[in-house]
Structure formats: structure tokens, C-alpha cells
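Below: the structure, in C-alpha cells.
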Amino acid sequence: MQTSDQQQGVKSCEMNAQDTGQGPFSLCMIVLDPTSIQPATPDIEHERSVAIYDLVEENNFHPVGHDEGGPYRLDLSMIERKLVMDIKLENGDQIATHILSLTPFRRIIKDYFLICDSYYEAIKTATPSKIEAIDMGRRGLHNEGSQILQARLDGKIETDFATARRLFTLICALHWRG
């Protein structure tokens, strides 16, 4: 039996193939492993769903060495502070599995959450210029995390910067404790 997220992913695969025109090197579905990714509050689940939706909606994702194209399904799980990226064709045929240590992301994710907290507090009472300054810092950290991710994926998965940003957003959502 499929979960609602998986059912939504299937609809996205069909939509991608027919409507988005993203080309053959794109993700059409992302599945989070419920046994290795911690359960979350409704707010965190919402953030994860939004991150997945944004990533599936627009992306450029090319597993190195697989030139036949997709679209691809990405199954994500966590094993001992490592992100397991299991890449399959939408029909389930295995393409590749990549395991990324999350240690290089620790500081950036921690700083990103701190600045996001500051941003959410600032929008309640701060001046527009203060909010803008905090938001610029937040975007800068997000860009830095995305660049680290692209470097870590080098030789494994080719993405454009916008896709790396969306994937970094999802990685952060997987770590968010609320």
C-alpha cells in the first residue's frame, strides 16, 4: 500500500512526463524512508512536503554515467549520520546508490537554523532593513550549503545550482527539530 506522499510522487512522475518539459534528466519522485528518518511534528512534516514538492516541480538531476535519462525516483534514508541517496528509474530499476557524510554540513545547518530563528523573531518586531539584513545572511548560508552539496555530489550527480539549493533545503528539513 502506498502512502499519500508516494501516491503524490506517482502523480508527479506522470505530470513530469507529460506536462513540465523538464527533459529526461529530472526527478519525478522523492521518497523518505520512514524507518531511518525521524518522525516529525506536523510543522516539520509540512516543511518536508514543501521541500519535496519544490524539488520535484523544478530540477535538473543527472546521475553521472547514466546517459539514457530518467525521469528518476530518489529514495532518501539516513544511516549513522550519512544520507543515503538511492536513485532509480520511475519504474523502480536501480541506477545508483550514493552515501554522503553529513559531517561537512553540520556547521552550516546549525548556523542556518540559528539565522532562520533570528529571522522569524525579527519579522515580528524588527525594522524592514534589519529583516532584510538577516534574510541576506540566511540566503548566503543557504548558498554556501548548496555549494558544499554540489561539491560533495561532484562525479556522482550533476545538478544545477537551483536544484542543489532545493536539495539542500530538503536536507535541512530532514534535520529540523522544530
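The values are calculated or read from the model by the stated rules, or taken from the named source; none is laboratory data. Computed from a prediction, not measured in an experiment: that's the story for all the values here. Here the Cβ positions follow ideal geometry from the backbone for every residue, glycine too, while neighbour counts run over all protein chains shown.
Okay, here's what the table says:
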item: Some residue of the range 49-57 being over 21 Å from Arg165 (Cβ atoms), outside any strand (DSSP E or B) and either of a type outside the set (A, V, I, L, M) or touching a residue at least 12 places away in the same chain (Cβ under 8 Å) (or both); result: no
item: Out of Thr97, Thr127, sole residue that is modelled with pLDDT of 90 or more, among the hydroxyl-bearing types (Ser, Thr, Tyr) and either in contact with a strand residue (DSSP E or B) (Cβ under 9 Å, 6 or more places away or on another chain) or at positive phi (or both); result: Thr97
item: Filtered residues of the range 50-75 (kept if within 11 Å of Met29 (Cβ to Cβ) and hydrophobic (A, V, I, L, M, F, W, C)); result: Ile52, Leu55, Val56, Leu74
item: Hey, Gly155 free of Cβ contacts under 8 Å to residues at least 12 places away in the same chain and not β-branched (Val, Ile, Thr) or not; result: no
item: Residue in the range 151-163 that is over 21 Å from Cys28 (Cβ atoms) and either assigned to a helix (DSSP H, G or I) or in contact with a Gly (Cβ under 9 Å, 6 or more places away or on another chain) (or both) present; result: yes
item: Which listed residue is out of contact with any Cys (no Cβ under 7 Å at 6 or more places or on another chain) and part of a loop (DSSP other than H, G, I, E, B), from Ile37, Ile44, Ile87; result: Ile37
item: Residue within the range 112-127 that is surrounded by 14 or more Cβ atoms within 10 Å (Cβ to Cβ) and more than 24 Å from Thr41 (Cα to Cα) present; result: yes
item: Cβ pairs under 9 Å, 6+ apart, first in the range 123-141 and closer than 28 Å to Arg106 by Cβ, second outside any helix (DSSP H, G or I); result: Ile134/Ala126
item: Evaluation of Ile99 against (1) assigned to a helix (DSSP H, G or I); (2) loosely packed, with under 15 Cβ neighbours inside 10 Å; (3) among the hydrophobic types (A, V, I, L, M, F, W, C) (one fails), failing number; result: (1)
item: Some residue of the range 164-175 being more than 19 Å from Ser77 (Cβ to Cβ) and among the small types (Gly, Ala, Ser); result: yes
